[in-house]
Amino acid sequence: MRAGPRIGLLAGEASGDALGAALQRALRARHPDASFVGVGGAAMRAEGLQAFHGSEALAVNGLVDPLRRLPTFWRLLRGLERDLGAARLDAFVGIDFNVFNLLLERRLRRLGLPVAHFVSPSVYAWRAGRVRTVAASADRLLTLFPFEAPYYDGTGLEVVHVGHPLADELRPTADRAALRRRLGLDASAGPLLALLPGSRASEIALHAAPFVAAARRLAARLPGLEAVVAVLDEEAERGLRRSACGAVRCIRGRTREVLAAADLALVKAGTGTLEAMLVGTPMVVAYRLGSVTHALLERLVHAPHFALPNLLAGRALVPELIQDAMTPDALAAALAEVHGAAHVQRAAFAELAATLCRGAAARAADAVLELAGRRPS
């Protein structure tokens, strides 16, 4: 390998762009003259990525858009295979964005380039056969969660658990009262309930009304309860107010702070459950899909749990209420039970967070450099 490694990267969405930028910083900390080419967003370009395309070139929405843009994606795939193949790389890292990246990785691997895939597909939840696709496309898989590695046993794929970057960033706050004051909330009030109904319009439409109704029912059980809805932006707040049918306190763009300040949280399944766990906030997790989508996925999804804390713990640590079970009364009852034994979840969350807090970017950089070292000079 040359003194300054030349690494190819591709991130097709915002979450991957953040992972890629952190990886670039960690690689450059080890090799100040490292260089990067490929596809990324603003964060990766700010870290010195020589971009053939921006991540926005790969952005898609809904179910129809990917099909409509297939010819464009095919041209991008062929062009990237050519450009990256000619870039004299030491290694290539595909960051999430699984369908496109795995296709590209397989092509680059056939050219003799060492390939790593960063972030495992959710093979633990559905389409377990994708483990064979990943194994055929990459030399090494970098996983965020420790429970993912066993799914790849027997495939010949090297799996490295690097940890989750959020675990390196988020910690329980030492002073929730001070944080509440910074959020403009009454630090001397009763328990604070954080509501996270989702960020997309479809998620808000399905979750907002029952979440807010559950908060009102819980307030009858917990005098002085204050409920706050964490929303991503102004558009999400407008959708929330349409769906929730009543006055509700919203805080925009400060989800992690709201979670850290709260005594209790009601969270739509997804990354918010991991954030709540890492800041040590006891929670109830809920999820509702449209009836047609639920009917289709019900046959495909086989995971015993859908909340990340439960997947990490291997047991029902936090209550999960899905689809028709997600009623305001059931949500309020589950929240009341969790609040009464909050110390149980808090203790378990601290143990789980420790399994993820591993210096993810540094470990990923070491794994990529070791792989790149196999490239003949």
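When residue 218 is evaluated against the numbered criteria (1) closer than 19 Å to residue 281 by Cα; (2) within 23 Å of the chain's Cα centre (by Cα), which criterion, by number, is the only one it fails?
The failed condition is (2).
In this structure, is residue 362 over 20 Å from the mean Cα position of the chain (by Cα) and aliphatic (A, V, I, L, M)? Walk me through how you get there before you give the answer.
Details: over 20 Å from the mean Cα position of the chain (by Cα): no; aliphatic (A, V, I, L, M): yes.
No.
Looking only at the stretch 101-130, how many residues end up being in contact with a Ser or Thr (Cβ under 6 Å, 6 or more places away or on another chain) and either at positive phi or open to solvent by less than 60 Å² (accessible area, probe 1.4 Å) (or both)?
Of the residues in the stretch 101-130, the ones in contact with a Ser or Thr (Cβ under 6 Å, 6 or more places away or on another chain) are 102, 105-106, 120.
Narrowing the set further to residues that are either at positive phi or open to solvent by less than 60 Å² (accessible area, probe 1.4 Å) (or both) leaves 102, 105, 120.
The total comes to 3.
Tell me which residues, restricted to the stretch 76-96, are open to solvent by 10 Å² or more (accessible area, probe 1.4 Å) and closer than 21 Å to residue 135 by Cα.
Residues satisfying the conditions are 81, 85, 96.
Residue-by-condition table, conditions (1) among the aliphatic types (A, V, I, L, M); (2) at pLDDT 95 or above; (3) on the phi > 0 side of the Ramachandran plot:
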| residue | (1), (2), (3) |
| --- | --- |
| 3 | yes, no, no |
| 6 | no, yes, no |
| 55 | no, no, no |
| 66 | no, no, no |
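From the list 258, 212, exactly one residue is touching a residue at least 60 places away in the same chain (Cβ under 8 Å) and part of a helix (DSSP H, G or I). Which is it?
Numbers: 212 fails: touching a residue at least 60 places away in the same chain (Cβ under 8 Å).
Every option except 258 fails the conditions.
Given the condition within 30 Å of residue 218 (Cβ to Cβ) and either free of Cβ contacts under 8 Å to residues at least 60 places away in the same chain or of a type in the set (Asp, Glu) (or both), answer yes or no: does some residue in the stretch 117-124 qualify? Please lay out each step first, then the result.
Our first condition is that a residue be within 30 Å of residue 218 (Cβ to Cβ); within the stretch 117-124, this holds for none.
Checked against the condition, which is being within 30 Å of residue 218 (Cβ to Cβ) and either free of Cβ contacts under 8 Å to residues at least 60 places away in the same chain or of a type in the set (Asp, Glu) (or both), the stretch 117-124 yields no hits at all.
In the stretch 139-154, what count of residues is obtained for those that are at negative phi and open to solvent by 50 Å² or more (accessible area, probe 1.4 Å)?
Filtering the stretch 139-154 down to residues at negative phi leaves 139-153.
Now restrict to residues that are open to solvent by 50 Å² or more (accessible area, probe 1.4 Å): 146, 150-151, 153.
Going through the stretch 139-154 one residue at a time, the tally reaches 4.
Could you check how many residues of the stretch 123-151 are at pLDDT below 90 and either within 19 Å of residue 364 (Cβ to Cβ) or of a type in the set (A, V, I, L, M) (or both)? Outline the logic, then answer.
Narrowing the stretch 123-151 to residues at pLDDT below 90: 123-130.
Now restrict to residues that are either within 19 Å of residue 364 (Cβ to Cβ) or of a type in the set (A, V, I, L, M) (or both): 123, 125, 128.
Residues that pass the stated criteria total 3.
Name every residue in the stretch 3-19 that is in contact with an Asp or Glu (Cβ under 8 Å, 6 or more places away or on another chain) and either open to solvent by 40 Å² or more (accessible area, probe 1.4 Å) or in contact (Cβ under 8 Å) with a residue 60 or more places away in the chain (or both), in order of residue number.
Just the residues of the stretch 3-19 that are in contact with an Asp or Glu (Cβ under 8 Å, 6 or more places away or on another chain), to begin with: 3-7, 11-13, 15-16, 19.
3, 5, 6, 7, 11, 12, 13, 15, 16, 19, listed by residue number.
Residue pairs, Cβ under 7 Å, 6 or more apart or interchain, first in the stretch 163-182 and in contact (Cβ under 8 Å) with a residue 60 or more places away in the chain, second open to solvent by 40 Å² or more (accessible area, probe 1.4 Å) and in a helix (DSSP H, G or I). List them.
Correct list of pairs: 163/363; 170/256; 179/257.
Among the hydrophobic types (A, V, I, L, M, F, W, C), in a strand (DSSP E or B) and under 30 Å from residue 122 (Cα atoms): which single residue out of 265, 276, 227 fits that description?
Matching residue, one of 265, 276, 227: 265.
I'd like the full set of residues that are of a type in the set (Gly, Ala, Ser), part of a loop (DSSP other than H, G, I, E, B) and over 19 Å from the mean Cα position of the chain (by Cα), limited to the stretch 87-127. Can you show your working first?
The initial filter retains those residues of the stretch 87-127 that are of a type in the set (Gly, Ala, Ser), namely 87, 91, 94, 112, 116, 120, 122, 125.
Remaining after also requiring part of a loop (DSSP other than H, G, I, E, B): 87, 112, 120, 122, 125.
Answer for the stretch 87-127, where residues must be of a type in the set (Gly, Ala, Ser), part of a loop (DSSP other than H, G, I, E, B) and over 19 Å from the mean Cα position of the chain (by Cα): 87, 112.
Checking the conditions here, which among 157, 185 is at pLDDT below 95 and at negative phi? It would help to see each step written out before you state the result.
Working: 157 fails: at pLDDT below 95.
Result of the check over 157, 185: 185.
Being closer than 16 Å to residue 118 by Cβ, in contact (Cβ under 8 Å) with a residue 12 or more places away in the chain and in contact with a Leu (Cβ under 7 Å, 6 or more places away or on another chain) is the requirement here; does residue 52 meet it? Talk me through it step by step, then tell me what you get.
Values: closer than 16 Å to residue 118 by Cβ: no; in contact (Cβ under 8 Å) with a residue 12 or more places away in the chain: yes; in contact with a Leu (Cβ under 7 Å, 6 or more places away or on another chain): yes.
Considered against the rule, which asks whether it is closer than 16 Å to residue 118 by Cβ, in contact (Cβ under 8 Å) with a residue 12 or more places away in the chain and in contact with a Leu (Cβ under 7 Å, 6 or more places away or on another chain), residue 52 comes out as no.
For the stretch 248-273, which positions are surrounded by fewer than 23 Cβ atoms within 10 Å (Cβ to Cβ) and either over 27 Å from residue 340 (Cα atoms) or touching a Pro at 6+ places or on another chain (Cβ under 8 Å) (or both)?
Residues of the stretch 248-273 that are surrounded by fewer than 23 Cβ atoms within 10 Å (Cβ to Cβ), as a first pass: 248-257, 263, 269-271.
Answer for the stretch 248-273, where residues must be surrounded by fewer than 23 Cβ atoms within 10 Å (Cβ to Cβ) and either over 27 Å from residue 340 (Cα atoms) or touching a Pro at 6+ places or on another chain (Cβ under 8 Å) (or both): 252, 253, 263.
Is at least one residue of the stretch 189-198 out of contact with any Cys (no Cβ under 7 Å at 6 or more places or on another chain) and either open to solvent by 50 Å² or more (accessible area, probe 1.4 Å) or among the polar types (S, T, N, Q) (or both)?
no
Test residue 203 against the criterion of being open to solvent by less than 60 Å² (accessible area, probe 1.4 Å), within 18 Å of the chain's Cα centre (by Cα) and in contact (Cβ under 8 Å) with a residue 60 or more places away in the chain, and give yes or no.
When the stated conditions are applied, residue 203 passes them.
Which residues, counting only those in the stretch 355-372, are touching a Pro at 6+ places or on another chain (Cβ under 7 Å) and closer than 15 Å to residue 24 by Cα?
360, 361, 369, 372
The values are calculated or read from the model by the stated rules, or taken from the named source; none is laboratory data. None of these values were measured; they are calculated from a predicted model. Here Cβ is always computed from backbone atoms with ideal geometry, including for glycine, and neighbour counts include all displayed protein chains. Protein only, heavy atoms only, side chains kept; ligands, DNA and RNA dropped before computing areas. Shrake-Rupley method; radii C 1.70, N 1.55, O 1.52, S 1.80 Å.
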